[in-house]
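What follows is calculated from the coordinates using simple rules that are stated; it is not laboratory data. On a predicted model such as this, the values are computed, not experimentally measured, just so you know. Every residue, glycine as well, gets a Cβ built from its backbone with ideal geometry; the counts of neighbours run over all protein chains shown.
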Amino acid sequence: MMKLYFAPNTRAERTAWLLNELDLDYELERYRLGDKAMRSPEYLAVNPNGRVPVLDDGNVRITESTAIAQYLVARYGGRRLSPPVDSPDFPVYLQWLHYAEGMLMAPMGNYVVEAILLPPDRRSEVHAKRALKLLGNLLKAVDSHLADRDYLAGEFTAADTVTGHACMISEQIGSQLSELHNVTAYLERLKARPALQKVLALRAED
Ligand SMILES: N[C@@H](CCC(=O)N[C@@H](CS)C(=O)NCC(=O)O)C(=O)O
């Protein structure tokens, strides 16, 4: 059975969500963000960066949530959760699959560091505000893209489990989405999916 190294409220939720969408069996090895266990020699042997997600699938060990999504869809998707390579939706799918790690997560990470993680006397309001503004601008592109579609690339795809999840975390950390009506409606569609609801329920167990 596959094993997912997981912590709630992290990018590992993307992987659990996708595994659920694909109806794949997996076991969770649970951590919490900030756990010392993620800095233990045992865990650093699993992922030298001490981060989640990590997926073990037989002899395969893979990190990077977007790479894991591509792997799962290529290996187990069949025709599900990715447009066919010869479809005009395919490049659209790739672009939005990679948009979270390529664009959204850097300013989001900066904001979290500057506004939440650093001790109050080392935080910078200027940097925090700038990061949040940049994140807001990058989300506007998602909003425009969603003006005439329900999901990022035609039908619901793995891109939604990655970049959709990043939009959800943006909302959680306090990005003003009130003017981004398409993103807000999109998040409601995503949150109605049982495969995501199962993952969000894991937060309450912590
Ligand atoms: N680019 C990586 C980022 C992985 C990452 O930074 N994970 C965070 C949680 S969202 C983590 O494990 N942080 C723990 C830490 O830094 O101690 C991915 O997409 O999987």
Work out the count of Lys pairs in the chain where the Cα-Cα distance is under 21 Å, with the pair 8 or more places apart or on different chains.
4
Helix-only [θ]222 nm of the chain, DSSP H runs n ≥ 4, -39500 (n - 2.57) each, per residue, nearest 500
-14500 deg cm²/dmol
When the Debye formula is applied to the Cα atoms of the stretch 89-193, each taken as the same point scatterer, what base-10 log of I(q)/I(0) results at q = 0.24, 0.25 Å⁻¹?
-1.27, -1.36
Ranked list, fewest to most other Cβ atoms within 10 Å of each Cβ, for 75, 11
75, 11
How big is the dipole moment of the chain about its Cα centre under a simple scheme where the beta carbon of each Lys and Arg is +1, that of each Asp and Glu is -1, and everything else is neutral? Debye, nearest 20, please.
460
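In the stretch 133-193, which GluC sites (Glu not before Pro) fall in coil by DSSP and have 15 or fewer other Cβ atoms within 10 Å?
Working: sites: 155, 171, 179, 188; in loops: 179.
For GluC sites (Glu not before Pro) across the stretch 133-193 that sit outside H, G, I, E and B with at most 15 neighbouring Cβ atoms in 10 Å, the list reads 179.
Share of antiparallel DSSP beta bridges in the chain, in percent to the nearest 5?
So the antiparallel bridges amount to about 65 percent of the total.
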Label-point separation, residue 64 to residue 29 (7 Å along Cα→Cβ), nm:
2.1
Answer in debye to the nearest 20: the dipole magnitude of the stretch 60-151 about its Cα centre, from +1 Lys/Arg and -1 Asp/Glu charges placed on Cβ, is 200
Inter-label distance for residue 189 and residue 94, nm, one decimal - labels placed 7 Å from Cα along Cα-to-Cβ
2.3
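As an exercise, use a Förster radius of 35 Å and the Cβ-Cβ distance of residue 141 and residue 44 to find the FRET efficiency, rounded to the nearest 0.05.
Details: r = 36 Å, r/R0 = 1.03.
Once rounded, the FRET efficiency stands at 0.45.
Expressed as cubic angstrom per residue, what is the convex hull volume of the alpha carbon set of the chain? It would help to have the intermediate numbers written out before the result.
On the way: hull volume 25.9 nm³, N = 206.
Given the Cα convex hull of the chain, per-residue volume reads 126 Å³.
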Round to a whole angstrom and tell me the spacing of the C-alpha centers of the stretch 1-71 and the stretch 90-132.
21
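Quote to one decimal, in nm, the extra length available between residue 173 and residue 1 on full extension: 0.36 nm per residue of separation minus the C-alpha distance between them.
Numbers: separation 172, 0.36 × 172 = 61.92 nm, distance 3.39 nm.
Gain on stretching residue 173 to residue 1: 58.5 nm.
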Looking at the square roots a ≥ b ≥ c of the eigenvalues of the Cα gyration tensor of the stretch 26-133, which shape do they give, rounded for a/c under 1.5, prolate if a/b is larger than b/c, or oblate?
oblate
Given labels modelled 7 Å from the Cα in the Cβ direction, how far is it in nm from residue 201 to residue 118?
4.0
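On full extension of the chain, what length is gained from residue 36 through residue 127, given 0.36 nm per residue of separation minus the C-alpha to C-alpha distance? Don't jump to the answer; show the numbers that get you there.
Numbers: separation 91, 0.36 × 91 = 32.76 nm, distance 2.78 nm.
Full-extension gain reported as 30.0 nm.
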Which of 88, 135, 184 sits closest to the plus end of the dipole of the stretch 73-206, meaning its Cα is farthest towards the positive end, when Lys and Arg get +1 and Asp and Glu get -1 on the C-beta?
135
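Determine, for 169, 68, 62, 116, the number of other Cβ atoms within 10 Å of each Cβ, and report the residues in order from fewest to most.
Values: 169 19, 68 25, 62 16, 116 11.
Sorted ascending by nearby Cβ count, the order is 116, 62, 169, 68.
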